[in-house]
Structure formats: structure tokens, C-alpha cells
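Nothing in this text is a laboratory measurement; each read-out follows from the coordinates by a stated rule. Because the structure is a prediction, the values reported are computed rather than measured. Cβ placement follows ideal geometry from the backbone for every residue including glycine, while neighbour counts extend to all protein chains displayed.
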Amino acid sequence: IRLVLTSRINLKVQPQKFIGKELAKNITSFDIAAVIAELKRIIDVGRARINNVYQINSKTIILKIKNPSAQPLNLLMESGKRIHLTSYRIEKPLRPPPFCMALRKYLKNGVITEISQHEFERTIKIEIQTGKGKFKLIAEFFGEGNIILVSPENKILHALTYKRMRDRNIIRHEEFKYAPPSGLNPLKANREDIRKILDMKNLEVVKALTRLFSIGGLYAEEILLRAGIDKKTPCENLTEKELNRIFDELQNLALQVASGSLQPAIIVDKEEKLVDATPIRLRKYENYVHREFKSFNEALDEFYMKEELKEKEEAVSEKIRRKLEELKRRLKSQEEAFNRIIMEIETKKGIGGTIYAHFHELQAIFQKIEELKKVGEDWTKIAEKISVPSVKIIKVNAKKLFITVKIGEKEFSLNIRHSIQENAAKYYSEAKKAERKLKGAINSIEETKKQIEKLEKSLAEALAEEEEKAKVPVKIRKKAWYEKFRWFHSSEGFLILGGKDATTNELLVKRYTEPHDIVFHADIAGAPFVIVKTEGKKPTEKTLSEAAQFAASFSKAWKMGLSSLDVYWVKPEQVGKGAPSGQFLKKGAFIIRGKKNYVRHASLKVAIGVTFKDGEVLVIGGPPEAISRQTKAYVEITPGDVPSGRLAKEIRKILAKKVPKERRKDVLEVPLEDIQQFIPSGKGRIVKAS
């Protein structure tokens, strides 16, 4: 334990215990400041676009952001709880909810022009410029939280939650207003502001800080720890120097996170339980283990994913415990039934034995009944008319012709219509019937015991099995630099790249084409440039033929339904932007000068397959001959009318059957867009499955 010494008091920093649900973390204003600082560095504000919007549940959305010249980003926002980039592949609903559809309608393909934290509150604003104006997406992380879409005229268009409040309304078409501030903005506060604490008299200084500034208890405690002031100190007892120290530490902390000078970490205790995720080192946690991360977004992503898995495990554990309790109740009921059957067997056999042991006495009673009946006397008065040693007649049922007798401690009924032997046999027969029931009861008990034993002994296995069923999200594979283009590796191992659109065409030729590369283009308007990355080596006709087929397949000819097309290749120095006088070259278009080397009748055919790289599924696509050398699991497609969505599902299903059983689930979870990117012009048909 570390002692922080001050002139007034010795403060001890001691680990605190966090149990169960207490681990749940709601994001703080300092966390948001850190996240926003990182997002401003990662997202190319002014150029990045909203590629799509997904709604995971009633409170969570994901913005898929297309970041120019970089990997796509997935920004997760859970109202009232968290915001961070996620690298996990999270399952999305098949049908987007109405709120999600509204966000897509207004924001899809819009350019992100601003990402900011409102004051120092737990509220963020993302401005998106579209052809219809500049929209604002407001996410609130206090209380129950909310996500609100605001029009260019500052009117509320849509929200996750609509409500009327004392100080503002979240109602469609009403003017949007931010929530009243929870306190002063630490970044804008001055030394005079800190003096307002003195007006709070005997209130503890830690509580006063949370009321005066827009910060939570965690950071209020941290400020006081750094300032060397006991958090329970009454405000009226603070000195001028202490007020200055509090202000300095408040400013230092706020500036550190807002500037992005971070030391992100997940905090765990000695038992390896999650405690918190913090953007900077906090003295409050100095005795805990710190697992460091490159970014705070990554730390939050891991923290919340582990927290969700823990909740799933607890739910599974609770499910198993309930099952165990149910089985134990069943076992108790079965054992009670077993004991009743044992008693029944013993009782019935005992009665049968007693009947034979007192055969003569009982026979005498039956004979006396017969005599009384013959002379017309009331035989039901037999108990008054006969006395037999050791046998006491308890009750006579004239209607059913039964008598109840007691011999010793045993009391039982006899049917006077049957002989004494028949009455004894009846009880023995009932005992045998009970014995048969006993076998079934024993089997049931043994089966229940086995189930209980299995659950008790293999709880960990059951948890693992349930975790598998729960579809734990997997991390999105980090793509190679060249995957921003169309790509494949030729049969000879050359990397071949193709443009996806005018922007990537321009980028590919200008930035990624080297003097020793080879440039291909289909002999048709509306085709991508294709580059063979030679790295100074000389490709053979096989690679040139494959590159030509690739260029032809991803040209306009596919949409036109052609089966083959001429393609030419040139050297990089023959490709330029200098248009003839009076002409203008569009983005992605280039002038070819000099001799063109033709590859005639390149067939339009693409193979799509899967391989496994570092344990992860990798979808590959390109000329069939090249792909067939890299995997046995592939299909071939040609121009056709099946839409890419449906075609991709068919392809995924076929590919899953072609991989080992243990990898089928992984293939079936491949996003359809990973397959669709290799389907030219968004349509096609399957002609061959390997």
C-alpha cells in the first residue's frame, strides 16, 4: 500500500472490492474526451463517409465509416453507456429496425465534418454533410441515454427514445436542445469558479466537486488524491492553497485527456477480475494490474466485450444452477416415491404373511359370517357376535362386502366374497406390482443422479459449450493494404490489383504503380485499370493471361453479358493525365500513348473461394486457374442475372460444405459483403463448384 504524504493528512490508496454487477462501467466525461481525441486522429474528418448504419439492439448502433486510404471503421454507440471503435464482428439483425432505416436514409454516404464532445458533458455530436444539408447525430451517455438525429434546421427528425421533460423535449419536429449542463466545463473554468466550493459549507469536498463540475466521483477522488486532500474534508475548511491545488489537478487531468496524451489500460484485480478501463493512469488504481493498450478505443472495446462475455457466462452458470436445483428437487421427489413404494411392498407382503399366519382365526370369522347369513341374521353385527383371539374386527362395509381387521399393529381389509387364500394372494400380487414400479423408480433415480453428477462435474465444459452456442463475436480481420483494391495472386505468385471505382483507379495508377509494373485495361469504356506488381521480376504469359481475364471480368462487358473481350497492356510510362488540347479527363481516367499489347478473347469468368490465414477465414477471388492453385474450396461464376446478395448466400453455403467440418461454422459466418466484392457488376451465376 502506497502512502501519499501531505502537510495535513496521510492518505492511503487501498484496492477496493468489485463484485458481480458492480463491474458494469458507464462511460465518464473524461472517457468521452479521450475517445473523441483519438477519433479525431483516426477518422479523416472532412473526407470520411458513413458507409452504412446498423442497429444491434434497442440501445446500440454501429456506424460503418469509410475512411479514405485506410481500413473501414466501426463506431459503436450504446446510449447511456459507451462509445468506441470496435474491431469485433457483431451479429446484426436480419431486418433493420425503423430507427436504423431512418439513419440510413439521411446519413448514408454523408461526409463526417465534425466529431466533438458537447462542453465536457457525456454528450457527443457528429456532423454529417449530405446533399440535403448538414445533419447532426447526437449521442447522450448519461442516465438512460439517447441517440438523436437532428436536421439542418436543428429540428428533431428521429430518436431512439421520445420523451417530454421539465427542461426540454425529445419530440419529432421540435427544436433540439442539449440537456442542461451537469456542471462547469473544467476546460473553461477559472480559479474564481473553484472558490464556489466554499459556499457549500460542511459538504464533503469530493461531493462538492461532482456538483460544481461535469465530472463523476471517480475523477473527483483522483483530483483530490493528486492534490493530497482528504476527500471527506468539509468545503469550508479548505485553504487557499488547497483550492489552487484542486484547480491545478482538475485542469491537468482534463487537458491531458482532451489533448490525447493517453496511457490506455484495462484495470484488473489480483483475482483477474475486470475493474475498469481508463484513458490515463489513476492513483486510485495504482495497486491494481494494468493491461496496456495502444488506444483507449481498443481498451474500451476489449473491456466491454469481456464484460459481455462475463454476463453471458453468469447467465449460463445461473441456467445450469437452476437446472441443478430442478434436478435435485426431482431427485428428492423420486426418492420419496421410492421410499413409499418400499413401504408399500413391505406392508403388502406383511399383510399377506399375517393372513397366512392367522389363517385359522380368519377362516373362523369367514365361516361365522356365512352361518349368520344362512339363518338370516344381521351379519354386520359380527363384531358383537364373535370373539377370535388376536383378531379384532374394526369395521364392516356391507355394501362392498369388506371387513377391516386389526392383527397386532397391522390393520387391513378383507373381501368376504373371496377366500382367505385369495385375499392373501391379492396382497402378494399388489406387492409384486409395486416391485415392478420399484424398478422404474430406481432407473429414474439413477438417471437423475447421473444428470446431476454430469452437471456438477463438468460445469466448465457446459459453460464452454454454452459459450459456443452464444456466438461469441470474433475480431474483424485486419486487412492488408492492397485489399482496398480488387486483388488476387496469380498462379506464379504475382500480386495483381484492380480499381474498384474512379477514386481507387486514380489512386492505383498514381500512387501504387511503379516503373517496372505492367498496366492492363479492357478494350471497352467503363473498365478498371489493373496493375501487375512485378517487383522487378518478369511474369510469363500465364500471369499476363490471368491479369487480362481479371481486367475483362470486372469491366462493363460483364454487365452486358459478354463471354469474352480483348484486353491490352502497356508500360507505366505510357499512362498519363495529359489530355489533348480542349479535352478533359474525368477522375480515374488516363491517356494511353504508344503501342498497346493485346490479349485477345480474354474470357469473362471469376472464381471465388476461401482459404485460412493465421487461423482466420480469407475470401479470395480472381481467374479460376489462379484461385484453383490456392484452394480446393471455390466456385466459378460467369455473367448472369442472379443478384449479388442471393448469389453470395449460395456461394457461402457451397463453400462451407467444401471445408473441413470444424471450419464450416467459420465460413458460414463470413459477411456476405466479403464475397460480394468479388462478384462483378453485382450479378452473375454459378457455373462450376470445385
Using θ = phi - 60° and Karplus 6.51 cos²θ - 1.76 cosθ + 1.60, couplings along region 602-611 (whole Hz; Gly, Pro as x): 5, 6, 8, 7, 10, 9, 10, x, 10, 10
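Using Cβ contacts closer than 10 Å as the measure, can you line up T504, T380 from fewest to most?
Placing the least packed residue first, the sequence is T380, T504.
Quick check: residue separation of K449 and A364 times 0.36 nm, minus the Cα distance between them. What number comes out in nm? Don't jump to the answer; show the numbers that get you there.
On the way: separation 85, 0.36 × 85 = 30.60 nm, distance 5.12 nm.
Stretched fully, the K449-A364 segment lengthens by 25.5 nm.
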Amide H proximity to F142 below 5 Å, modelled H, separation 5+ or other chain, gives G80
Which listed residue (S79, M200, I637) has the Cα farthest towards the positive end of the charge dipole for the chain, taking +1 on Lys and Arg C-beta and -1 on Asp and Glu C-beta about the Cα centre? I637
Once the principal axes of the Cα atoms of region 573-690 are found, what is the range along each, listed largest first in whole angstroms? 62, 30, 27
If amide H atoms are built 1.01 Å from N in the plane of the peptide, which residues on other chains or at least 5 residues away come under 5 Å of the amide H of I620? G609, V610, T611
Loop-located chymotrypsin sites (Phe, Trp or Tyr not before Pro) in region 566-653, at most 16 other Cβ atoms within 10 Å (DSSP): F584
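Strictly over 27 Å apart at the Cα level, which of K25/K125; K294/K657; K349/K381; K105/K649; K134/K479; K613/K665 would you flag in this model? Provide the component values of the computation, followed by the final result.
On the way: K25/K125 21 Å; K294/K657 39 Å; K349/K381 30 Å; K105/K649 25 Å; K134/K479 32 Å; K613/K665 16 Å.
From K25/K125; K294/K657; K349/K381; K105/K649; K134/K479; K613/K665, over 27 Å: K294/K657; K349/K381; K134/K479.
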Estimated distance in nm for a label pair at E514 and M343, the labels positioned 7 Å out from Cα along Cα-to-Cβ: 9.1
Applying 1/(1 + (r/R0)^6) with R0 = 51 Å to the Cβ-Cβ distance of E669 and R593, what FRET efficiency is obtained, to the nearest 0.05? 0.60
Pairwise FRET efficiency - L309 versus K188, Cβ, R0 = 41 Å, nearest 0.05: 0.55
Amide H of F488 versus every other amide H placed in the peptide plane: which residues, excluding those fewer than 5 positions away on the same chain, fall under 5 Å? I496
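Counting other Cβ atoms within 10 Å, keep those with at most 11, restrict to DSSP loop, and tell me which trypsin sites (Lys or Arg not before Pro) in region 236-298 are left. Intermediate values should be presented prior to the final figure.
Working: sites: K241, R245, K270, K273, R281, R283, K284, R291, K294; in loops: K270, K273, R281, K294.
Answer in residue order: K270, K294.
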Which net charge results when you count Lys and Arg as +1 and Asp and Glu as -1 among the other residues whose beta-carbon is under 15 Å from that of Y356? +2
Apply the a/c threshold of 1.5 to the C-alpha gyration tensor of the chain and tell me whether it is rounded, prolate or oblate. oblate
Stretched fully, the stretch from R195 through K688 gains (0.36 nm per residue minus C-alpha distance, one decimal, in nm) 169.6 nm
Return the FRET efficiency for the residue pair E411, K328: r is the Cβ-Cβ distance, R0 is 45 Å, and the value is rounded to the nearest 0.05. 0.80
J(HN,Hα) series, region 76-90, from Karplus relation 6.51 cos²θ - 1.76 cosθ + 1.60, nearest Hz, glycine and proline x: 9, 10, 10, 4, x, 9, 7, 8, 5, 6, 10, 9, 9, 8, 9
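Full-extension gain between E204 and I56, please, as 0.36 nm times their residue separation minus the C-alpha to C-alpha distance. If you can, show how the numbers build up before the last one.
Values: separation 148, 0.36 × 148 = 53.28 nm, distance 4.17 nm.
Gain on stretching E204 to I56: 49.1 nm.
How much net charge surrounds Q676 when only the other residues with a Cβ under 13 Å from the Cβ of Q676 are counted, with Lys and Arg +1 and Asp and Glu -1?
Details: positive: R486, K500, R646, K649, R652, K683; negative: E650, E673, D674.
With Lys, Arg at +1 and Asp, Glu at -1, the net is +3.
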Work out from phi, with θ = phi - 60° and the Karplus expression 6.51 cos²θ - 1.76 cosθ + 1.60, the ³J(HN,Hα) of each residue of region 141-151, listed in order in whole Hz, and give x for Gly and Pro. 10, 9, x, 6, x, 6, 10, 10, 9, 10, 6
Can you pull the one-decimal nm distance between simple spin-label points at F402 and K586, each 7 Å off the Cα toward Cβ? 10.0
Tell me the GluC sites (Glu not before Pro) within region 62-130 that lie in a loop according to DSSP and have at most 14 other beta-carbon atoms within 10 Å. E91
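Of E140, E175, how do they rank once you tally other Cβ atoms within 10 Å and put the fewest first?
Working: E140 24, E175 13.
With the fewest neighbours first, E140, E175 line up as E175, E140.
Taking the Cβ of each residue in D31, D230 as the centre, tally the other Cβ atoms inside 10 Å and list the residues starting with the fewest.
Placing the least packed residue first, the sequence is D230, D31.
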When the charge dipole of the chain is computed with +1 on Lys and Arg Cβ and -1 on Asp and Glu Cβ about the Cα centre, the Cα farthest towards its positive end, among L160, G260, N146, belongs to L160
With each label point set 7 Å from Cα along the Cα-Cβ vector, what nm distance links S387 and F612? 9.5
